[in-house]
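The values are calculated or read from the model by the stated rules, or taken from the named source; none is laboratory data. This one's a predicted model, so the numbers in the text were calculated from it and none came from an experiment. When we count neighbours, we look across all protein chains shown, and the Cβ atoms used for this are built from the backbone with ideal geometry, even at glycine. Surface areas here come from the heavy atoms of the whole protein model, side chains and all, with no ligands, DNA or RNA. Shrake-Rupley method; radii C 1.70, N 1.55, O 1.52, S 1.80 Å.
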Amino acid sequence: MSDKRAIVLYLHVHQPYRVRHYTALDVGHRHDYFDAPEGGRENNADIVRKVAYKSYLPTNEHLQRMLETHPDFKLSLSITGTVLEQFERYAPEVLASFQRLVATGRVEIVAETYHHSLAFFYNRDEFEQQVVMHREKLQQLFGVTPTAFRNTELSYNNDLAYWADKAGYTAILCEGWDAVMGWRSPNFVYQPAFTSNIRALTKNYKLSDDIAFRFSNRSWEEYPLTTDKFLDWANASWDQPLLNLFMDYETFGEHQWADSGIFGFLEHLPKAWLANNSHTFMTVSQAAESFPAVDTLDCPQTITWADTERDLTAWLGNRMQQGAISSLYGLTDMVMSTNNLSLIEDWRRLQTSDHFYYMCTKYFNDGDVHAYFSPYQTPYDAYINFMNSYHDLKYRLAEAGQPV
Amino acid sequence: MKILMLGWELPPHHTGGMGVVCYQMCKELAQSGADIEFILPYTAEFPNIDFMTVNPALPEGVTEVIGSMAGSTYDSQYFTYVDNKGNSRGVQMHEHQSAYTQYVAKLARLNEYDVIHAHDWLTFRAALAAKQLTAKPLFVHVHATEFDRSGGSYGNPLVREIEHMGLLLADKIFAISQATKDTIVREYNIDPAKIEIVHNAMELEESELHEDTSVNTFTYLQIMQSRGYKVILSAGRLTIQKGLIHLLEAFAKVVEKRPKTILLIVGSGEQYAELIEHSAALGLSGNVIFTGRINGTGKTWRDAFRVANLFVMPSVSEPFGLTPFEALLQHTPALISKQSGASELLRNVLKLDYWDIEEMSNQILAVCNNSDLEITLAEEGSAELANITWKRSVQKMMHHYQLHAHKQKVLHV
């Protein structure tokens, strides 16, 4: 057991293959759903290069320097298969910079589905295959085998923890959401209900979201957020072992722009934190084994880290989303029995949760945060492009002799 | 607040959306305490209207003016004067416009009003005469400009002249959309500070529809729907401005992919024959149904919106466009052109450029082939209507009435 208090910094790296403007008249004639023309809002190469420039490259530069300067600094990353492929194709220098981080031995990579999918909730076999694909990709590119698991959008329930325990993972991540935590603090290690070895780390959403969502918000009463102020808040729970700061990697430079001072904040954080020598940093697996579980975490319902509801409604809340995803998984057996790798891969790319997020009508009337992340003007455009691609998949299945 | 309101039509005796707009607006104004005297160019009964006084503009010696609501453009309307001996004679629109002006001038001299409120150029001369005589604040309400009606060209110079005078001399201009405000500023050189945007809404209740049918008009379409057909609706005047040729072109592509699709075209107008010929030439005779003119506040009209799986308004130019609101009111999803004023306001509808035929067929097919899309658009769209109310617009109008009526009093004490 560690006698030091640890920040567990965990960043999630992901880009989907966005579906191009793909019309009903394209169905049966072209199958390039993910290849938007250059300059188009859904052009994946453009987006990856843009985010590389704004976020991945500068952030990794800071992280590399922080690792070199502070021997106690550590962090964890999850990087989806879909974004790794796109780094290989469109921004190899970004991949190289992640490889340098991992090579320090102080950056843990967390397991998940290759395609950032919700397959766990629709098809367990498909889910497991995607987890294997991701593990193999990590082995190939980084030479590591993950010991901690996170599911897409930090979705979590008892079943998932049970599965991850049986699969041999030692840690699993979830939102430290009040409805599940009750009076308990997220700053401890917990044991998921009905499991034997695995431990759950729960996100401290208040402090995580201060950085991820509120950092550059000038109408926030705490603006501007300094490391001093932040550590004051962190030190309020000085007698609790962990501080789980989980967020999207793209917080740095993409959601919070460089001119907000976010990089300065990031770089100053370990220095300020480690100034107290009872403080340290840990990776997720390390944190799970360094402290005993204080209680059992029972979570029969599915929680995620999204919206104020912290459930799956951002992806599966309306009929379009529900219809689209169940149509897609309805093709599973036919798709798999074609043994056609490019068809299977296209089907998997359509499973990426972002496609369903773009179809969300919740808050659409307020022109909210969902719109910021969508390349489409409306949820309906997202749905139409997606369903046309789906119909083309069916066309290809029919061509392959499947009984669609 | 006593208002002299100058309009050209009211339902059920009307040809376009403007009458429906005036009706709903005045109803809400009356609820907010306004006392409205509404002057029409023709004699008619309005059993639904008890919230304001409606008077026909009768020339000297004429006891009744019969209007032709032939469903065509306003310019080609004609009127019939009937005198107390029962003799009648027909007059052209321009002659009757002068008679309307004289009547309003007489009225303005006799009675005391707080403000004058005039709808579109047909009433502007009368409005200017009333303002000249009484010095009361003048509000002109722009539903469409000559620029819009002529499909984005100069249009009729005489009409432009009248519009310009009205816009210049008005104390305040109410424009029904941002697009209309922009047109007024750009085409008529009017100070934008003088223009307020007052959006329309659609809140007609079931009891306000008149009984022009006792049966469900579209049972045939319902039977077809039960056999897998989908019904696309277009409703409005059949004029170039409405972009229906583009719709036919797009619909031909739809039918190629999905033969079980029907296009119901409701309305009449100068393009009627052309559209029939064009749909025949495209081989669509079996898929396109023309109903001819249907009154816009009757039950048949409502039934058309109710039976449809998708309403399409592909207008080339549409200062506002009330029909998509009618569709959403009947829980029917709408597809509208980005060139319409309604697209400023509505979020949960499909939008496209009117010329993008391929995208139009894509979106129509998407709704026909995915009932989840049809249902979500209908649900979210009609929920959105709840926030687009006449109350909101009328509060704004009342505020400006009061401001100017007060200013006018201060100046004349």
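Tabulated results
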read-out: Hits in segment B:163-182 - residues which are more than 12 Å from residue B:115 (Cβ to Cβ) and open to solvent by less than 10 Å² (accessible area, probe 1.4 Å); value: B:163, B:166, B:167, B:173, B:175, B:176, B:177, B:180
read-out: Positions within segment B:187-234 being open to solvent by less than 40 Å² (accessible area, probe 1.4 Å) and in contact with a Pro (Cβ under 8 Å, 6 or more places away or on another chain), in sequence order; value: B:234
read-out: Residue within segment A:306-314 that is more than 14 Å from chain B (Cβ to nearest Cβ), touching a Leu at 6+ places or on another chain (Cβ under 6 Å) and not aromatic (Phe, Trp, Tyr) present; value: no
read-out: Selected residue (only one of B:286, B:292, B:296 is at pLDDT below 95, crowded, with 22+ Cβ neighbours inside 10 Å and either among the small types (Gly, Ala, Ser) or more than 15 Å from the chain's Cα centre (by Cα) (or both)); value: B:296
read-out: Conditions (1) of a type in the set (Gly, Ala, Ser); (2) touching a Gly at 6+ places or on another chain (Cβ under 7 Å); (3) within 14 Å of chain A (Cβ to nearest Cβ); number of the one not met by residue B:267; value: (3)
read-out: The lone exception for residue A:345 - which of (1) open to solvent by less than 40 Å² (accessible area, probe 1.4 Å); (2) free of Cβ contacts under 8 Å to residues at least 12 places away in the same chain; (3) within 14 Å of chain B (Cβ to nearest Cβ) it fails; value: (3)
read-out: Segments classed as strands (runs of 3 or more DSSP E), wholly inside segment B:11-93, with at least 2 members that are open to solvent by 30 Å² or more (accessible area, probe 1.4 Å); value: B:53-56, B:62-67, B:78-83, B:88-92
read-out: Test: residue B:118 is open to solvent by less than 10 Å² (accessible area, probe 1.4 Å), hydrophobic (A, V, I, L, M, F, W, C) and touching a Gly at 6+ places or on another chain (Cβ under 8 Å); value: yes
read-out: Residues located in segment A:282-308, provided they are under 15 Å from residue A:174 (Cβ atoms) and among the charged types (D, E, K, R); value: A:295, A:298
read-out: Positions within segment B:146-176 being part of a loop (DSSP other than H, G, I, E, B) and modelled with pLDDT of 95 or more, in sequence order; value: B:170, B:171, B:176
read-out: Which numbered condition residue A:219 misses (of (1) under 30 Å from residue A:157 (Cα atoms); (2) at pLDDT below 95; (3) over 23 Å from the mean Cα position of the chain (by Cα); (4) not acidic (Asp, Glu)); value: (1)
read-out: Residue check, residue B:131 basic (Lys, Arg) and farther than 25 Å from residue B:339 by Cα; value: yes
read-out: Answer from A:361, A:352 - the residue that is under 18 Å from the mean Cα position of the chain (by Cα) and crowded, with 20+ Cβ neighbours inside 10 Å; value: A:352
read-out: Evaluation of residue A:210 against (1) crowded, with 19+ Cβ neighbours inside 10 Å; (2) closer than 22 Å to residue A:285 by Cα; (3) of a type in the set (Asp, Glu) (one fails), failing number; value: (2)
read-out: Near pairs, Cβ below 9 angstrom, 6+ apart or cross-chain, from segment A:352-371 (away from chain B (no Cβ under 13 Å)) to any residue that is assigned to a helix (DSSP H, G or I) and modelled with pLDDT under 75; value: A:357/A:370; A:358/A:370
read-out: Residue list for segment A:206-239, filter: among the basic types (Lys, Arg), assigned to a loop (DSSP other than H, G, I, E, B) and closer than 23 Å to residue A:175 by Cα; value: A:214
read-out: Which listed residue is within 14 Å of chain A (Cβ to nearest Cβ), of a type outside the set (Gly, Ala, Ser), in contact with a Leu (Cβ under 6 Å, 6 or more places away or on another chain) and touching a residue at least 24 places away in the same chain (Cβ under 8 Å), from B:288, B:231, B:254; value: B:254
read-out: Qualifying residues in segment A:6-26 (those that are surrounded by fewer than 23 Cβ atoms within 10 Å (Cβ to Cβ) and more than 29 Å from residue A:248 (Cα to Cα)) - the one nearest to the other protein chains (Cβ to nearest Cβ); value: A:23
read-out: Given (1) surrounded by 13 or more Cβ atoms within 10 Å (Cβ to Cβ); (2) aliphatic (A, V, I, L, M); (3) more than 29 Å from residue B:391 (Cα to Cα), number of the condition residue B:110 does not satisfy; value: (1)
read-out: Residue that is nearest to the other protein chains (Cβ to nearest Cβ), among those in segment B:369-390 that are of a type outside the set (S, T, N, Q) and within 24 Å of residue A:25 (Cα to Cα); value: B:372
read-out: Among (1) in a helix (DSSP H, G or I); (2) out of contact with any Ser or Thr (no Cβ under 7 Å at 6 or more places or on another chain); (3) away from chain B (no Cβ under 14 Å) - the single one residue A:401 does not satisfy; value: (1)
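Residue-by-condition table, conditions (1) more than 18 Å from the chain's Cα centre (by Cα); (2) away from chain A (no Cβ under 12 Å); (3) within 26 Å of residue A:25 (Cα to Cα):
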{"site": "B:316", "(1), (2), (3)": "no, yes, yes"}
{"site": "B:322", "(1), (2), (3)": "no, yes, no"}
{"site": "B:328", "(1), (2), (3)": "no, yes, no"}
{"site": "B:332", "(1), (2), (3)": "yes, yes, yes"}
{"site": "B:339", "(1), (2), (3)": "no, yes, yes"}
{"site": "B:346", "(1), (2), (3)": "no, no, no"}
{"site": "B:351", "(1), (2), (3)": "yes, no, yes"}
{"site": "B:354", "(1), (2), (3)": "yes, yes, yes"}
{"site": "B:360", "(1), (2), (3)": "yes, no, yes"}
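Okay, residues lined up against (1) touching a strand residue (DSSP E or B) at 6+ places or on another chain (Cβ under 8 Å); (2) under 22 Å from residue B:305 (Cα atoms):
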residue: B:187; (1), (2): no, no
residue: B:197; (1), (2): yes, no
residue: B:210; (1), (2): yes, yes
residue: B:224; (1), (2): yes, yes
residue: B:252; (1), (2): no, yes
